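A short write-up of the structure that comes next.
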Amino acid sequence: MRQLWFMVFHAVIFAVPGICNAQWTLAWSDEFDYTGSPDSNKWGYDIGGHGWGNNELQFYTNRLENSSVNDGILTITARKESYQGKNYTSARLVTRHKGDWLYGKVEVKAKLPRGVGMWPAIWMLPTDNIYGTWPASGELDIMENVGYDSTQIHCNIHTQAYHHSIGTNKGNSIKLSNPWDEWHIYSMEWSADTVSFFVNETLVFSFARHGNFNQWPFDQRFHLILNIAVGGDWGAAKGIDDSYFPQQMLIDYVRVYQKDTTQNHGPSGPIDGEMVWNGDFSEALFKWDGVGAYEGAVASGAVENGELKITIDNPGTDIWHIQFNQNAMNFEQGQSYLVKFKARASLPRTIVVAANQAQDPFANYHRETLNLSTSMTEYEYVFTMKHPSDTQARLEFDLGKYAGHVWLDDISMQKVGSTTAIIKKARPHSAKEKPQYNILGQRR
């Protein structure tokens, strides 16, 4: 639910009958035929009041006062009250790790809140952030609405190439007379080639697959989010009218359908026990999280001659201030893993290769400190996962503290039975005839 400016992509709006036909099979749903808190097997909460990237003013809670189920209806309530240093509370329900989908149809029947300052949304974010943090891994907005323009329903997508921050966002809107008093059905159909948004079976906006992951990151699993934000860059563009509180979004049902046939586009994944995707960079940075720079560090990267070249201009003061990661790693407790890669540096230096948690508190499962030379060298080591299993961990290269260049290639990780760590020299590394890409994965 990132901020939307008013430059939108206009699509023709027309009726499409029978979108819920026999080609779809119900895969997941909540009919809210119970009482109390939202079903914990299907819903989790995003909790906090840090602004959520949009300068929002509410504190999201998991309290019944902000989200509850009664009489077959899920109610999300935004309240005017002092709580945890904020003046408003609300709820943000997520299906992350409880309902994650690649392609399908999402359908939500809802009534929206009303009032200047309200910002309700029905939307989806990537579960794994394979292509990097927002907007690189994408966002799908099935329904967005702001209280100062309460009859206008917005449907949008966000990607690295298309988002409001650079004035290239894609989307469209449709007008409803009273979305706060009447039930309306907000839905999205998503395939390997197209994502289309509907209101009451009327097509509002359709976006076709093209380019690479900068234009189309929608080949990974996403999860659903239901929330009411208060204020924010877009929501409070004309202020907040406190006289409307409390305000509610009512949800009659949420249904997710999928087709029986599996669709798959894009580069193929690991084979023969390989856990790393695109370790030879033959598909640019597909599946990699990009080069991250933290605490004032500055770095960039490009795939050249089949190798990833990382340029470190400001290395920061700690090794982790420059990172290169791949997420969605499944580390099983008690299992051993063989890590292999080739690397060199413009000057002799050390790096750290880590297996760790991909979210706060970013616990380390294993760290290996290695010395790089100016010659391309193959490194191998084995580590054993001694911590509880983590199905969403990451493989991380820590490259900070030293300026210059680092080259990486042929990164691999496989399950093995040994626990002996080894490092060995490789044969001279010859340049590969591959296309060259910049850090955004664009062919150069």
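Within region 195-215, if we keep just the residues that are crowded, with 21+ Cβ neighbours inside 10 Å and closer than 16 Å to ASN169 by Cα, the residue that is modelled with the lowest pLDDT turns out to be PHE213. Every listed requirement among (1) of a type outside the set (Gly, Ala, Ser); (2) out of contact with any strand residue (DSSP E or B) (no Cβ under 9 Å at 6 or more places or on another chain); (3) modelled with pLDDT under 90 is met by PRO388 save one, (3). With respect to TRP52, is the statement that it is assigned by TED's automatic domain parsing to the domain that holds MET124 and at pLDDT 95 or above true? It is false that TRP52 is assigned by TED's automatic domain parsing to the domain that holds MET124 and at pLDDT 95 or above.
One residue stands out among those in region 83-95 that are crowded, with 19+ Cβ neighbours inside 10 Å and assigned to a loop (DSSP other than H, G, I, E, B): the one that is farthest from the chain's Cα centre (by Cα), which is ALA91.
When region 135-189 is limited to residues that are aromatic (Phe, Trp, Tyr) and crowded, with 20+ Cβ neighbours inside 10 Å, the one that is nearest to ALA121 (Cα to Cα) turns out to be TYR186. Scanning region 101-160 for residues that are in contact with a helix residue (DSSP H, G or I) (Cβ under 6 Å, 6 or more places away or on another chain), among the hydrophobic types (A, V, I, L, M, F, W, C) and in a loop (DSSP other than H, G, I, E, B) yields VAL116, VAL146. Can you say whether ALA284 is at pLDDT 95 or above and either assigned to a loop (DSSP other than H, G, I, E, B) or not assigned by TED's automatic domain parsing to the domain that holds THR133 (or both), as far as the supplied structure shows? Spelling it out, it is not the case that ALA284 is at pLDDT 95 or above and either assigned to a loop (DSSP other than H, G, I, E, B) or not assigned by TED's automatic domain parsing to the domain that holds THR133 (or both).
With respect to the stated conditions, LEU112 is in contact with a His (Cβ under 9 Å, 6 or more places away or on another chain) and closer than 15 Å to THR77 by Cα.
Each residue in region 216-234 was checked for being surrounded by fewer than 20 Cβ atoms within 10 Å (Cβ to Cβ) and modelled with pLDDT under 95, and 4 pass.
Assess whether LEU74 counts as being touching a strand residue (DSSP E or B) at 6+ places or on another chain (Cβ under 6 Å) and in contact (Cβ under 8 Å) with a residue 60 or more places away in the chain. Judged against the criteria, LEU74 is a match. Of all residues in region 350-374, those that are of a type in the set (S, T, N, Q) and modelled with pLDDT of 95 or more total 5. The single residue among ASP30, ASP39, ASP100 that is at pLDDT 95 or above, crowded, with 17+ Cβ neighbours inside 10 Å, of a type in the set (Asp, Glu) and under 19 Å from LEU224 (Cα atoms) turns out to be ASP30.
Taken together, the criteria place TYR131 among residues that are under 30 Å from GLN357 (Cα atoms) and of a type outside the set (D, E, K, R).
Among the residues of region 294-306, just one is hydrophobic (A, V, I, L, M, F, W, C) and without any contact (Cβ under 8 Å) to a residue 60 or more places away in the chain, namely VAL298. Sub-9 Å Cβ pairs linking a first residue in region 349-367 that is under 14 Å from PHE331 (Cβ atoms) to a second residue that is of a type in the set (Phe, Trp, Tyr) and exposed (fewer than 15 other Cβ atoms within 10 Å of the Cβ), at least 6 apart or interchain, are ASN356/PHE362, ordered by first then second residue.
The values are calculated or read from the model by the stated rules, or taken from the named source; none is laboratory data. Since this is a predicted model, take the numbers as computed values, not measurements. Virtual Cβ from ideal backbone geometry, glycine too; neighbours counted across all protein chains shown.
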